[in-house]
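Engineer: Please read through the structure below; I'll follow up with questions.
The values are calculated or read from the model by the stated rules, or taken from the named source; none is laboratory data. Predicted, not measured: the structure shown is a model, and the values here were computed from it. Here the Cβ is made from the backbone with ideal geometry for all residues, glycine too, and neighbour counts use every protein chain on show. What goes into the accessible areas is simple: the full protein's heavy atoms, side chains included, and nothing from ligands, DNA or RNA. Shrake-Rupley method; radii C 1.70, N 1.55, O 1.52, S 1.80 Å.
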Amino acid sequence: MTEIVSDVEACVDSALARLGKRLVIATPLGLGKPVQLLNAIYRRAKADQDIELHIFTALSLEVPTPDSHIEAGLAKPIMERLFGDYEGLDYMADLRANTVPDNIQVSELYFKAGAMKGVESAQRNYISSNYTHIARDMCAQGVNLLLQLVAARKVPGGLELSLASNPDTATDVIASLRAAGREFMTIAQTHPDMPFMGNDALVPDNTFDLVLNNAAYDRRLFAVPNGAVPLADYATAIHASSLVPDGGTLQIGIGALGDAVAQALILRHTEPVAYQNMLDGLTTQPPALQESATPFSDGLYCSTEMFVNGMLQLIDQGIIKRRVYDEPELQAALNEGLITERVDEALMQWGRGSGFIPRRLDAVSLARLQHWGILPANCRLQDDTVSIAGQAYANDLDDSELRSVLVASGAQRTLSNGRILHGGFFLGPSDFYRRLAHLDDELQDAICMTSVLRTNQLLQNPRLYSAQRRKARFINTGMLVTLTGAVSSDALEDGTVISGVGGQYNFVAMAHDLPEAHSVLCIRSTRGLGKQLSSNVVPHYGHITIPKHLRDVIVTEYGVAELRGQSDSEIIKRLLCITDSRFQAELLAHAKTSGKVEADYEIPPHARDNTPTRLGAALKAHYRSGLLRDYPFGTELTADEIALAASLRKIRALSEDPPRFMSRVFRALLQQHDEELVAPFLERVDLRHPGTTRDFLVQQLLMMELEERGLLKAG
């Protein structure tokens, strides 16, 4: 029986008393970490070197740290506003300081992108694992303590618990440990702001041995603020969104590109003419997979490891609305158009003809058909009769009288217990959490947070999941693509881990197994600036996440390359057509030297102007009209903070290109500005009285940037 406790140290004492001094912890990625519990155990192990502690987790969240006093001046009020009294993870601070004691080890299976590049112990202890294998791998490592942050609500007799943000692996870890007969312990910590999710996220009373429930530990939940969407990501997203078929299945990821794809889909649905104009302005050669720019009539269904804010926006816009049902026969009939979601005579005829609806009801079939809404809730079995609203009929669903009554009772009904989204975990901005916490009953029921063994693969029920995930488009990001179509998404050539495999391989493999499905990997065509500018389409690369035999669709800001089933030569040609034109000649020469492309082949004329200038010209009017916005789903930053942040980003980018940097500096030095207008901006970023030559130059550039944004007046 679950014990409710109020003291975090008592939880630590109980774990040590039951498990001894070797604690191997599994705790979820992202939001699902119970920070106070983890910190209490970590502190105890630091104080007692006899405790052997190993933490297995992923995506350990940290409050951003400014890189300079200038950024700190801008960031400090923002950080206080966004993160408030959030308590950080002690082990992350020690990892960065290289002060983790020898008796403690932290192994992550996924990093925030780029966050652990220079942290040697994190790189050494990283574990590369497909998301669907994580529960298996943690159990194999000897996990004996599972910790999780949960949502709770009072019910008669105690608390009802929801795994809320992270049902992704917890129940699978518990099931595996129980099946193995291993000694282990589970502890949950409640949080009042954690959205309570139903369906598969609900867990029985005996899931956790201890539940820590104390308002004193209710610090702010970690919220990931919306990031600004750059021009290149919008261009990429517009291309990618054109590949999503109405009535299909969608998966997108977190970050600027995910937000951009969601916004592009919304524009396609609500502003089809403007959307088509954007697409026409960007597209030099339409891909075969491109869909018509018409509103989503049937809508989309989501099967995704990560439920992101953009998906909730798509739900609000009536785009994610296609319901799926956990009955293969029922789902197949819907797919084939044999029935609709209306409970009508066509449904009855199909049900009887297929055997889905039996001629005579028993208790099991009655409950099953009521669950799907096919029979009314007031239908009862009494001896050998069927009673509806107190009126008895023969228990024979081929009887015309009973059929007419059932059809009449269904005139105002549609099928029940369909889902529009299955997700493994969620993470996002604070307003996303608030929305989830206040969903109406119908929408709450239509969203099912569940295990990644369901969302990321087909193995548990291939027939059902294949029927539900019709015409799937799994849209993810990569870092680099080789000329023959292999993709690197998680690590550098020397093995330095940037993020992790996560579920990317799962979705790529699944796209090849599902009929009419595609994996869409979005890659920025270039990285760096000035002399550091380089192509993300490369001849070859020493580390690969997705092998070339699983190549499918690659999208850059310059277009779509459909690679599935193509020869190496054709793949190279298609990738060169979506490569930045500054690198096409060099890459083509390499392909010719290797014999992969004919010696007389030339880049087609339509692909020879793949430049940022062309992208800017194509989308400029749509920025002015407000259809494309830096923050499509809002921001908690003020207008001045947005302007300052954008200006500082531009100045930082300029510093990577010394000739352009100095050219801008000379222009800035010739201008004078209204001191009353400029003073608040300079004070905010600690540049009112610059102490170094570099700070002075940044000050001058910042004033010119702010003037160009219309916030200052030049003298």
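Engineer: About the Cα centre, and with charges only on the beta carbon of Lys, Arg (+1) and Asp, Glu (-1), how big is the dipole of region 48-183? Nearest 20 debye, please.
Structural biologist: The dipole of region 48-183 has a size of about 520 debye.
Engineer: Can you list residues whose amide H is under 5 Å from Val5's amide H, if they're 5+ apart or on another chain and H is modeled 1.01 Å from N?
Structural biologist: Val211, Leu212, Asn213
Engineer: When averaged across all projection directions, what area in nm² does the alpha-carbon convex hull of region 569-678 cover?
Structural biologist: 11.3 nm²
Engineer: Determine the principal axes of the Cα atoms in region 35-76, then give the extent along each, sorted from largest to smallest and rounded to whole angstroms.
Structural biologist: That gives 44, 22, 16 Å along the principal axes, largest extent first.
Engineer: Now a separate question. Give the long-range amide H neighbours of Ala517: residues separated by 5 or more places, or on another chain, with amide H under 5 Å away, using H modelled in the peptide plane at 1.01 Å from N.
Structural biologist: Ala472
Engineer: Evaluate the Debye formula for region 392-469 with equal point scatterers sitting on the alpha carbons, no solvent, and hand back log10 of I(q)/I(0) at q = 0.20 Å⁻¹, in q order, two decimals.
Structural biologist: -0.94
Engineer: So what does the Cα-only Debye profile of region 104-217 read at q = 0.11, 0.21 Å⁻¹, as log10 I(q)/I(0), no solvent term?
Structural biologist: The computed values of log10 I(q)/I(0) come out as -0.44, -1.21.
Engineer: Still on this structure, please answer the following. Based on the alpha-carbon set only, what is the convex hull volume of region 641-715 divided per residue, in Å³?
Structural biologist: 79 Å³
Engineer: Using the Cα centre of the chain as origin and beta-carbon charges of +1 (Lys, Arg) and -1 (Asp, Glu), tell me which of Pro429, Ala389, Val155 is placed farthest towards the positive end of the dipole.
Structural biologist: Pro429
Engineer: Based on the Cα gyration tensor of region 3-68, what are the three equivalent ellipsoid semi-axes, each the root of five times an eigenvalue, rounded to whole Å and given largest first? Walk me through the numbers before you get to the answer.
Structural biologist: Details: eigenvalues 115, 42, 30 Å².
Over the Cα atoms of region 3-68, the semi-axes work out to 24, 15, 12 Å.
Engineer: Now for a separate question. Which of Pro286, Thr132, Ala262 sits farthest toward the positive end of the charge dipole of the chain, with +1 on the Cβ of Lys and Arg and -1 on the Cβ of Asp and Glu?
Structural biologist: Pro286
Engineer: If you don't mind, there's one more thing I want to ask. Going through the cross-link list Lys117/Lys471; Lys117/Lys650; Lys112/Lys596; Lys531/Lys596; Lys33/Lys117; Lys33/Lys154, which pairs have a Cα-Cα distance over 27 Å in this structure?
Structural biologist: Lys117/Lys471; Lys112/Lys596; Lys531/Lys596
Engineer: Rounded to the nearest 5, what is the percent of antiparallel bridges among the DSSP beta bridges in the chain?
Structural biologist: The antiparallel proportion sits near 35 percent.
Engineer: How big is D for region 521-607, in µm² s⁻¹ as a whole number, if Stokes-Einstein is applied with the Kirkwood radius of its Cα pairs at 20 °C and 1.002 mPa s? Walk me through the numbers on the way to the answer.
Structural biologist: Details: Rh = 13.5 Å.
It comes out at roughly 158 µm²/s.
Engineer: Quick check for me: using +1 on Lys/Arg Cβ and -1 on Asp/Glu Cβ, what's the dipole size of region 500-628 about its Cα centre, in debye to the nearest 20?
Structural biologist: The calculated dipole for region 500-628 is roughly 520 debye.
Engineer: For region 59-156, take every pair of Cα atoms, bin their distances at 10 Å starting from 0, and report each bin as a whole percent.
Structural biologist: 11, 33, 34, 17, 5, 0
Engineer: Would you kindly state how much longer the chain becomes between Ser567 and Met79 on full extension, computed as 0.36 nm times their sequence separation minus their alpha carbon distance, in nm to one decimal?
Structural biologist: Roughly 170.6 nm would be gained on extension.
Engineer: Please provide three numbers in whole Å: the alpha-carbon extents of region 199-250 along the principal axes, with the largest listed first.
Structural biologist: Sorted largest first, the three principal extents are 49, 29, 13 Å.
Engineer: For region 283-322, what are the per-bin percents of Cα-Cα distances with bins 10 Å wide, up to the bin holding the maximum?
Structural biologist: 25, 41, 30, 4
Engineer: With a 1.4 Å probe and all protein chains kept in place, how do Leu637, Leu480 rank by accessible area, largest first?
Structural biologist: On the way: Leu637 40, Leu480 10 Å².
Order by accessible area, largest first: Leu637, Leu480.
Engineer: Of Val452, Gln276, Gly73, which is farthest on the positive side of the dipole of the chain, counting Cα position, with +1 on Lys and Arg Cβ, -1 on Asp and Glu Cβ, and the Cα centre as origin?
Structural biologist: Of the candidates, Gln276 comes out farthest on the positive side.
Engineer: So if I place +1 on the C-beta of Lys and Arg and -1 on the C-beta of Asp and Glu, and nothing else carries charge, what would the dipole magnitude of the chain be about its Cα centre? I want it in debye, nearest 20. Each step should come with its number before you reach the end.
Structural biologist: Working: 68 positive and 87 negative charges, 244 e Å.
Value, rounded to 20: 1180 debye.
Engineer: Could you give each residue of region 431-446 its phi-based ³J(HN,Hα) in whole Hz, using Karplus coefficients 6.51, -1.76, 1.60 with θ = phi - 60°, and x for Gly or Pro?
Structural biologist: With the stated coefficients, region 431-446 comes to 5, 5, 4, 5, 4, 4, 6, 10, 5, 6, 4, 5, 6, 4, 6, 7 Hz.
Engineer: Per residue, what accessible area does region 401-512 have, given a 1.4 Å probe and all protein chains present, in Å²?
Structural biologist: 34 Å²
Engineer: To the nearest 10 degrees, how steeply does helix 170-180 sit against the main Cα axis of the chain, on a 0 to 90 scale?
Structural biologist: In the chain, helix 170-180 runs at an angle near 60 degrees to the longest axis.
Engineer: Counting each pair of different Cα atoms once, what's the Kirkwood radius of region 363-425 in Å, rounded to one decimal?
Structural biologist: Hydrodynamic radius (Kirkwood, Cα only) of region 363-425 equals 12.8 Å.
Engineer: When only Cα pairs under 8 Å and 6 or more residues apart are kept, what is the percent relative contact order across region 524-580?
Structural biologist: Computed over region 524-580, the figure is 33 percent.
Engineer: Which log10 I(q)/I(0) values, to two decimals, does the chain give at q = 0.07, 0.10, 0.12 Å⁻¹ under the Debye formula with one point per Cα?
Structural biologist: Log-scaled intensity ratios, in q order: -0.56, -1.10, -1.44.
Engineer: While we're here: Any chance you could list P(r) for region 557-613, counting all Cα-Cα pairs in 5 angstrom bins from zero, rounded to whole %?
Structural biologist: In whole percents, the pair-distance histogram is 4, 21, 31, 25, 15, 4, 1.
Engineer: With 24 Å as the cut-off, how large is the P(r) tail for region 463-619, expressed as percent of Cα-Cα pairs?
Structural biologist: 35 percent
Engineer: Before anything else, pin down the relative contact order of the chain: Cα pairs under 8 Å, at least 6 apart, normalised by residue count, whole percent. Let's see the in-between values first.
Structural biologist: Numbers: 1318 pairs, mean separation 100.5, N = 715.
Answer for the chain is 14 percent.
Engineer: Relative to the longest principal Cα axis of the chain, at what angle does helix 675-684 sit, 0 to 90 degrees, rounded to 10?
Structural biologist: On a 0 to 90 degree scale, this one is about 60.
Engineer: Return the Rg/Rh value of region 498-569, two decimal places, where both radii are evaluated on C-alpha atoms and Rh is the Kirkwood radius.
Structural biologist: We get a ratio of 0.99 for region 498-569.
Engineer: Counting C-alpha atoms alone, how compact is region 313-392: give Rg to one decimal and Dmax as a whole number, in angstrom.
Structural biologist: So, for region 313-392, Rg and Dmax equal 15.0, 50 Å respectively.
Engineer: Output the pairs from Lys548/Lys592; Lys321/Lys620; Lys548/Lys573 with a Cα-Cα distance over 21 Å in this structure; if there are none, say none.
Structural biologist: Lys321/Lys620
Engineer: Could you rank Tyr541, Tyr558 by how accessible they are, 1.4 Å probe, largest area first?
Structural biologist: Listed by decreasing accessible area, they come as Tyr541, Tyr558.
Engineer: For Leu381, what residues show an amide H to amide H distance below 5 Å, using hydrogens built from the backbone and excluding near sequence neighbours?
Structural biologist: Residues meeting the criterion, in which the H sits 1.01 Å from N, are Ser387.
Engineer: Which order do peptides 21-34, 650-663, 267-280 fall in by mean Cβ count within 10 Å, highest first?
Structural biologist: Highest to lowest by the protection proxy: 21-34, 267-280, 650-663.
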